[in-house]
Structures are given as structure tokens and as C-alpha cells.
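Asks: Before I ask anything, let me first share the structure, which is written out below as C-alpha cells.
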Amino acid sequence: MATLTIMDPITRIEGHLKVEVEIGSSGGQQQVVDARCTGTLFRGFETVLQGRDSKDAPVITQRICGVCPISHGMAAVMAAEKATGATPPADARILRNLTLGANFLQSHILHFYVLAAADFVTLPQQSPWSPAWDHDLKSSAELTAVGSHLVSALEARAKAHEMGAVFGGKMPHSHTYIPGGFTATPTAQRIARFGTLLNELRAFIDQVYLPDVAAVAAAYPEYFQIGAGVGNLLAYGVFEQDDQGVEKLLMPGYVVKNDPQRVNTFQEKDIREYLTHSWYKNQDDGLAPAAGRTTPEYPKTDAYSWLKSPRYQDQPFEVGPLARMWVNGDYQNGLSVLDRHAARAQECQKVAEAMATWLDELTQDGRVYGGYNSRATGSGSGLTEAPRGALGHWVTLNAGQIAAYQIITPTCWNASPRDAQGQPGPLETALIGTPVADPDRPVEALRVIHSFDPCLSCAVHLMRPGKKPLVVHTRS
Ligand code: NFE
């Protein structure tokens, strides 16, 4: 007998994700035997951008999400600059990195304490940590300490947001990322304020966040064996540390395919998007993102998600902190639920440390704008990293107007549905084989899902007013 458990929406993520897990017996153990991830909403920002001025893209695409807007601003200015041949000055590059870095820190801290900790730790019985499935929770003095750090984690996150606002003007949606440069200057006062906040955050990351992740890992070692995923890892790379921006990245882009010990170069031309199982017209199947189209078709036979299925060399790839840290050799302990948490925390520390160096490299009152031809014709891609993984924007400009725009977000890579070959997405694959004690409350599956830190606001975008959260079980 198999049980189909439908979790809709998955809570403690951003946006709306439905996950169906079929729970059956395999090898004498009750476990997930099949899984389907559904992005239940349509995003459509690509359509919104058509016909607009190229300088609108960083402003509008940041509205895709309040958690990772800076990455969208970054990808948008990179794409516009590539399309037009603009080069931002060194201080603009550094200010962009610092503001994006601040956004990474707030996102990683948010994820562990607000979105994931309740899977492992008994938390205060109040919003936003309650209600939560409260079974299969272990207890120890160290886990109690994790719970007691929630408020200080929120304070740390607020500091990271303030850091973002020091140079970003405001958060979450900064208005200082413009093609050709940046609009805020590195004044002595801003540099000093940013440095003070960064020091406080680094202390929190070193003394609280990393030990708390270690405490969860020590209490739940079995989760180093659960949720491996597809074993293919992809990073575009991020944080340009020279003015060419391709050779020297803090986290360069590489891929690992089939063999985790072999790291290969990344080639943009090998990306395709499939939509056999997505609510888009089949005629657009298998296109490169620069030629991609957003033509919805709903309902559609065999489709079950508003997410398309991005594939690299026609295979599904996991993106995110574990992928970034793995392909760069910074973290290669394993591929699992806990490895995702550990790699995310270690990346947080690495980025914060690098930010201190970048701050020292700023020229006080330095030049932040290098010029931009806002009437140019051309096309370009902005490939960078968001906290949740590889993020790409592709733009085609006609006399400064956006003729075509495509976005592939990290959650599209991770939570994608089956592709034209029927290959499940990374999260679907990671769920299969997860042992489940109680099919009515599959907290084990939730731990796998949360380890990817899905954001459906980025992947899709719309609301269903009046719909209540739903958990359905059907037995066959
Ligand atoms: Ni809404 Fe986002 C990140 C992007 S995830 S959080 O990180 O891009 O798809």
C-alpha cells in the first residue's frame, strides 16, 4: 500500500510550493518512493519588462523577491552592461559586492533560524515558529541553546539589512544598482558604519551561527545520509574581485557532473530550459535562455508546475551554497540535508571575511559611475549567484528598449519538475528514499525540502486569495 501525502503550501519557505510525496515500502523500510514539486503560481516578470527602458530592469526585477532582490539587481546590471559594453569603475564593483554580501548574510541567517531550525529544535510556541510539526525532535543542552538564539539571530539579520541599506539606499529593494555603476558614494561615514555592523555580524556568525549548525549536526547525524539529490552541482560564480570580473571571483563558477570528485569548467551555452511538464507552450521546449519565451498554457496535459526545468548538458543540477562551496573545494564533506546547512553557514563566514577586505579596498569618495549608452542595441547575460544559488538574467536590447528578457532563478534549478526526458528535478530526486515514520506528518521530507531553502517568490509570483493551507492524504 502506498500513501500519497500532499503538502500545500510548504510552510517556512518564501512563496508557494506544493510537494506531493508518495510514501511506500522499499527494502523493508517506509520511505518516499516518488515526489513531485509544483510551483503553484505564475511569475511573468519577463513579460512585464518587454518594451521598457533597459535601466528599468534592475529596479523592476528586484521586486521578484524581498529576500534576494540584490542578486536580481546585480544580474540585471551585468546583463545590461554586457549588452552595451559598459564597465563600472572599481569602487562601484566593490560597493555592489558589499551590498550583495550583506544580502547573503541576512538570507543565510534567516534561513537557518526562521525557516529551518523548527525542523530540528523545539522553539518558542509563538509566531513565526509555531505551529510546527513537533514530533521526532531530539533534545540536548546544545539544541536548547539554538532555540534561545532566535531573537539574537533576528537582531543579526536586522543588522545585515542595515548594512545593505548603508550603500544600497534602503532594503530590501535597493535603488543604487544602475547599469554603468552605482549611485551611492563610499563616504567615510558610510564606510565606518558598514564596518561596525560587519564586525558585529562576524562575531555572531563565528560564535553563534556556526556552533548552532554544529549542534544540530551532532544531534541528527543520520541527516548526513539523507537527501543527497542528483549529485550534479552547478555554480556560475560571484563576487568579482578585479575589474575584468571574470578571472578572479571570490567564488568562481564550475560544475560537477556525475562524479563529485571531478570539477569541470562551466559553459553558458550548455543551459537549456524544458517545459514538457510546465504550464508553458511546448513549442518553446529546449530553448537556450537567451532565446527563451514565456508563453503560458494552462491547463496542459502532463504539466504540473509553473516552474520550467532548466538543465545543463541536458541533466538536472543542484545549485546553492553547497554547490558553490563544493566546486571551489571549500566544502566537500558530502551531499545531504546537513551538508547543505553546514556549507551555507561556512559560506556565510567566508563571505563576511571577504567583505572586511573589500571594505578596506574602497577609495573614500571614489568614482562610482563609468557611463552607460542607454540607446544601445545588443544582447547580454548577467550570470551571478543569489543566496540560493546560480541566478541568470538574459536581455536583448533594441535602441535601449528591452525586446526580450529571461530569468532563471536558483529555485527553478532546484525545484524544477520533470523535463522532456522525464528526469526529475534535484529536489524531487533528493526526496526519494527519505525514511518517513508517519505519512500524516512527514517531517523527514520537510527537512529535505528546507535544506534547499526554496523560494517560490523568485521562481513564480502570484497569490491565491482565500485558499487555505492544505495537507491531503490519499491511500491506495
Ligand atoms: Ni526569493 Fe532568490 C535567491 C533568486 S531563489 S530568494 O537566493 O534568484 O530562486
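Asks: With a ≥ b ≥ c taken as the square roots of the eigenvalues of the C-alpha gyration tensor of the range 156-208, please select rounded if a/c is under 1.5 and otherwise prolate if a/b is larger than b/c or oblate if it is not? Can you show the working numbers first?
Replies: Values: a/c = 2.82, a/b = 1.79, b/c = 1.58.
Because a/c hits 1.5 or more and a/b exceeds b/c, the range 156-208 counts as prolate.
Asks: Under a point-charge model restricted to the Cβ atoms of Lys and Arg (+1) and Asp and Glu (-1), what is the dipole moment magnitude of the chain relative to its Cα centre, in debye to the nearest 20?
Replies: On the way: 41 positive and 48 negative charges, 226 e Å.
Value, rounded to 20: 1080 debye.
Asks: Would you mind giving the average projected area, over all directions, of the Cα convex hull of the range 259-412 in nm² with one decimal?
Replies: Numbers: hull surface 49.4 nm².
Mean shadow area of the hull around the Cα atoms is 12.4 nm².
Asks: OK, next. How much net charge surrounds Phe452 when only the other residues with a Cβ under 13 Å from the Cβ of Phe452 are counted, with Lys and Arg +1 and Asp and Glu -1?
Replies: Summing Lys and Arg as +1 and Asp and Glu as -1 gives -1.
Asks: Then there is this: Among Ile449, Ala218, Ser54, which residue has its Cα positioned farthest towards the positive end of the charge dipole of the chain, with +1 placed on the Cβ of Lys and Arg, -1 on the Cβ of Asp and Glu, and the dipole taken about the Cα centre?
Replies: In the chain, that residue is Ser54.
Asks: Along the range 397-409, what does the Karplus equation 6.51 cos²θ - 1.76 cosθ + 1.60 (θ = phi - 60°) give for ³J(HN,Hα), rounded to whole Hz, x for Gly and Pro?
Replies: With the stated coefficients, the range 397-409 comes to 10, 10, 6, x, 9, 6, 8, 8, 8, 9, 10, 10, 8 Hz.
Asks: Here's something else I'd like to know. Given H placed on each backbone N at 1.01 Å, which residues far from Ala228 in sequence or on other chains put an amide H within less than 5 Å of it?
Replies: none
Asks: Rank-order 48-54, 189-195 by packing density, defined as the average count of other C-beta atoms within 10 Å over each peptide's residues, highest first.
Replies: Numbers: 48-54: 17.7, 189-195: 16.1.
Those peptides, ordered most packed to least, come out 48-54, 189-195.
Asks: Whole percent per 10 Å bin, from 0 to the bin with the longest distance: what is P(r) over all C-alpha pairs of the chain?
Replies: Going from the shortest bin to the longest, the percentages are 4, 21, 32, 27, 13, 3, 0.
Asks: To continue, here is another question. Normalized C-alpha radius of gyration of the range 239-286, against 2.2 N^0.38 Å?
Replies: Output field value: 1.67.
Asks: So if I take the alpha carbon set of the range 9-87, get Rg, then get Rh from the Kirkwood formula, what is the Rg over Rh ratio?
Replies: For the range 9-87, the value is 1.23.
Asks: Determine which aspartates and glutamates satisfy two conditions relative to Lys159: a Cα distance under 20 Å, and not lying fewer than 8 residues away in the same chain.
Replies: Counting by Cα, and skipping residues close in sequence, Lys159 has these aspartates and glutamates nearby: Glu200, Asp206, Asp212, Glu347, Glu353, Asp360.
Asks: If packing is taken as the average count of other Cβ atoms within 10 Å, what order do 320-332, 382-394 fall into, highest mean first?
Replies: Put in order of decreasing packing, that is 382-394, 320-332.
Asks: Please list, in chain and number order, the residues 5+ apart from Ala404 or on another chain whose amide H is under 5 Å from its amide H, with Hs placed from the backbone.
Replies: Here the answer is Thr396, since their amide H atoms fall under 5 Å of that of Ala404.
Asks: When the helix-only estimate is applied to the chain (DSSP H runs of n ≥ 4, each -39,500 (n - 2.57), divided by the residue count), what is the mean residue ellipticity at 222 nm, nearest 500 deg cm²/dmol?
Replies: Helices in the chain give a 222 nm mean residue ellipticity of -10000 deg cm²/dmol.
Asks: Exceeding 32 Å between C-alpha atoms, which entries from my cross-link table qualify? They are Lys55/Lys257; Lys170/Lys248; Lys170/Lys300; Lys248/Lys281.
Replies: From the list (Lys55/Lys257; Lys170/Lys248; Lys170/Lys300; Lys248/Lys281), the Cα-Cα distance tops 32 Å for Lys55/Lys257; Lys170/Lys300; Lys248/Lys281.
Asks: Beyond 21 Å, what share of the Cα-Cα pairs of the range 125-266 is found? Please give it as a whole percent.
Replies: 67
Asks: If packing is taken as the average number of other Cβ atoms within 10 Å across a peptide's residues, how do 7-15, 444-452 rank, most packed first?
Replies: On the way: 7-15: 19.9, 444-452: 25.7.
In decreasing order of mean packing, 7-15, 444-452 become 444-452, 7-15.
Asks: Then there is this: Relative to the Cα centre, what is the charge dipole magnitude of the range 156-284, using +1 at the beta carbon of each Lys and Arg, -1 at the beta carbon of each Asp and Glu, and rounding to the nearest 20 debye?
Replies: For this selection, approximately 300 debye.
Asks: Spelling out what I want: for every residue of the range 250-265, take phi, set θ = phi - 60°, compute 6.51 cos²θ - 1.76 cosθ + 1.60 (Karplus), and round to whole Hz; glycine and proline get x.
Replies: 4, 10, x, x, 9, 10, 10, 10, 6, 10, x, 8, 10, 9, 10, 6
The numbers here are math on the coordinates, done by the rules we state, and not lab data. Being a predicted model, the structure only gives us computed values, none of them experimental. So basically every Cβ, Gly included, is an ideal-geometry build from the backbone, and we count neighbours across all protein chains shown.
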